[in-house]
Every structure is written in C-alpha cells, then in structure tokens.
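Encoded as structure tokens, the structure appears first; notes follow it.
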Amino acid sequence: KDYDNYEPSEIGRLYLNKPIINDRTKHIANLEYIIVPGKSNDLWQALYEEHEFDLWVIEKGPLKHFLKQKNTETKMYLWFLRVFEMPFEIIKSDDFRPGTMGNFTITNEATLEKIRAGFKNGEFKQVVPEDEYLARRNKIEGIVSKYMK
C-alpha cells in the first residue's frame with residue numbers, strides 16, 4: 001500500500017505526533033473528484049508550491065502513487081472530501097467494513113439511514129465553510145487545468 005508510505009514534507013512532519021483516534025468518529029465526507037494528469041511531476045510541484053499537497057515530498061507521495069498505477073493513461077482522479085460533523089458518532093466495529101485504498105465503507109443499514117436523514121434534514125455542519133471549500137477547490141482546478149492535455 002504505497003499510500004501508507006508517503007514521505008512527509010517538513011510541514012507534514014509537524015502532524016506526525018498528533019494522535020489519531022480512528023475507532024469512532026462524528027465526521028463524514030461527501031466525495032467529489034476531478035480528472036488530473038496524475039503522472040505529471042510539474043502538476044504536483046505546482047500544487048505543492050501553492051500549499052496544496054504540501055504535507056508530502058512530491059516524489060515520495062502523490063506522484064509516487066500515480067506512477068505506480070498500471071493505467072497507461074495520464075488522466076487519473078483527484079478526490080475532494082467535503083467533510084461534515086454529525087450530531088452523533090459512528091463506530092468502526094459496528095458500522096463499517098474495510099473498503100479499498102485504506103478507506104472504510106459504512107455497511108450498517110440503520111446508520112446509513114440515520115446519515116441519509118441527517119443530510120436530508122440539514123442536521124450536519126460542514127467543517128470547512130462552503131465559500132472556503134469552493135475557493136480552495138477552484139484554486140486546485142485552476143492549477144490542474146494548466147497541465148491537462
């Protein structure tokens with residue numbers, strides 16, 4: 001799993017000793033994505049210089065991940081996570097099963113229904129304010145567009 005072996009940058013090293021409690025959470029994310037030329041060193045360097053993806057050494061992080069992909073195409077996916085805080089916790093052992101790429105999938109139907117209702121009823125608070133999220137996403141998309149062929 002190369003995503004477990006990214007080499008942190010100087011900025012990333014500041015976070016290494018922060019505890020991560022991953023058996024329960026009050027956070028959930030909507031996933032969105034754009035197509036990127038993932039094997040472009042220039043793209044990752046530009047994102048790094050703009051303080052996006054600056055937690056890793058580029059050649060030993062995101063670029064390394066994309067270069068290892070067997071996909072011969074140069075276009076790949078970059079995910080955006082729109083994170084929300086819920087008024088309740090979900091528990092790894094009760095609500096999840098392992099997914100792909102180090103992610104977990106919620107499989108408890110009652111929990112899924114509670115989450116669907118929470119989104120529908122506006123019960124969840126977006127962690128990063130919408131305007132800030134969109135500004136950052138637009139910035140990244142602008143950088144990416146310069147490297148698309």
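Taken together, the values in this text are just the output of simple stated rules run on the coordinates, not laboratory data. The shown structure was predicted, so the numbers you read here are calculated from the model rather than taken from an experiment. All Cβ positions, glycine included, derive from the backbone under ideal geometry; neighbour counts span all protein chains shown.
A compact table of results
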| quantity | calculated |
| --- | --- |
| Added length on full extension, which subtracts the Cα-Cα distance from 0.36 nm per residue, THR105 to ARG82 | 6.6 nm |
| Where labels lie 7 Å past Cα in the beta-carbon direction, separation of LEU67 and TYR147 in nm | 1.3 |
| Diffusion coefficient, µm² s⁻¹, Stokes-Einstein with Kirkwood Rh over alpha-carbon pairs of the stretch 84-145 at 4 °C and 1.567 mPa s | 93 |
| Size of charge dipole - the chain - debye, nearest 20, with Cβ of Lys, Arg +1 and Asp, Glu -1, no other charges | 360 |
| For ASP54, net neighbour charge (Lys/Arg +1, Asp/Glu -1) across residues whose Cβ lies under 15 Å away | -2 |
| Residue with peak Gaussian network fluctuation, the chain [Cα springs, cutoff 10 Å], from TRP44, TRP56, TRP79 | TRP79 |
| Listed candidates [x] 0.98; [y] 1.16; [z] 1.47 - label of the one calculated as Cα Rg over 2.2 N^0.38 Å | [y] |
